[in-house]
Amino acid sequence: MIAIGADHGGFQIKEAVKAYLDSQNIAYQDFGTHSEESVDYPPIAAKVAHAVAGGECEKGILCCGTGIGMSISANKVNGVRASACDNEFCAEMTRRHNNCNCLCMGGRVIDGKKAVELTKIYLETPFEGGRHQRRLDQITAIEQNKL
């Protein structure tokens with residue numbers, strides 16, 4: 001299952017991503033927001049990040065104005081690797097090399113069509129492992145105050 005959430009700045013692209021997930025029969029849980037009315041993004045990012053870190057959801061997708069605020073917020077949760085992406089290469093590498101478990105995108109940076117393209121790449125790209133696993137282990141060591 002995919003955890004998905006957005007603030008008002010990312011609401012439109014979140015809705016486009018949800019339509020794509022529906023068309024592919026990919027299960028998701030929508031953590032809000034449910035309109036373009038202004039809301040704060042950190043609580044939404046926290047809900048999605050905790051769902052991913054806790055194993056309730058396999059991956060997360062967060063949308064705000066730029067993707068940056070959501071990324072910063074989600075990365076405060078141990079076990080979450082959230083990355084703001086606005087192009088195909090970054091969406092691929094965030095999975096292939098970083099095994100990112102939370103994709104963040106910006107509704108003021110990309111449109112719904114691009115958000116769907118990046119989501120598809122993110123969901124279909126496998127983690128390469130190998131030398132990249134060593135680096136992820138180092139990131140985990142930072143989370144555990146061992147590095």
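Looking only at the range 16-52, count how many residues are under 13 Å from residue 77 (Cα atoms), in contact with a helix residue (DSSP H, G or I) (Cβ under 9 Å, 6 or more places away or on another chain) and touching a residue at least 12 places away in the same chain (Cβ under 8 Å). Total satisfying the criteria: 7. With the condition kept exactly as written, say whether any residue in the range 36-44 is open to solvent by less than 70 Å² (accessible area, probe 1.4 Å) and not in a loop (DSSP other than H, G, I, E, B). Yes, the range 36-44 contains a residue that is open to solvent by less than 70 Å² (accessible area, probe 1.4 Å) and not in a loop (DSSP other than H, G, I, E, B). Go through the residues of the range 61-73 one by one and say whether even a single one is surrounded by 14 or more Cβ atoms within 10 Å (Cβ to Cβ), under 10 Å from the mean Cα position of the chain (by Cα) and part of a helix (DSSP H, G or I). Looking through the range 61-73, at least one residue is surrounded by 14 or more Cβ atoms within 10 Å (Cβ to Cβ), under 10 Å from the mean Cα position of the chain (by Cα) and part of a helix (DSSP H, G or I). Among the residues making up the range 9-35, those that are within 15 Å of residue 107 (Cα to Cα) and open to solvent by 50 Å² or more (accessible area, probe 1.4 Å) are 12, 15, 34. Every condition in (1) out of contact with any Asp or Glu (no Cβ under 7 Å at 6 or more places or on another chain); (2) open to solvent by 10 Å² or more (accessible area, probe 1.4 Å); (3) closer than 27 Å to residue 11 by Cβ; (4) of a type in the set (Ser, Thr, Tyr) holds for residue 94 except the one numbered (2).
The values are calculated or read from the model by the stated rules, or taken from the named source; none is laboratory data. In this text, all values refer to a predicted model and were calculated from it rather than measured experimentally. When we count neighbours, we look across all protein chains shown, and the Cβ atoms used for this are built from the backbone with ideal geometry, even at glycine. The accessibility values were calculated without ligands, DNA or RNA, using every heavy atom of the protein model including side chains. Shrake-Rupley method; radii C 1.70, N 1.55, O 1.52, S 1.80 Å.
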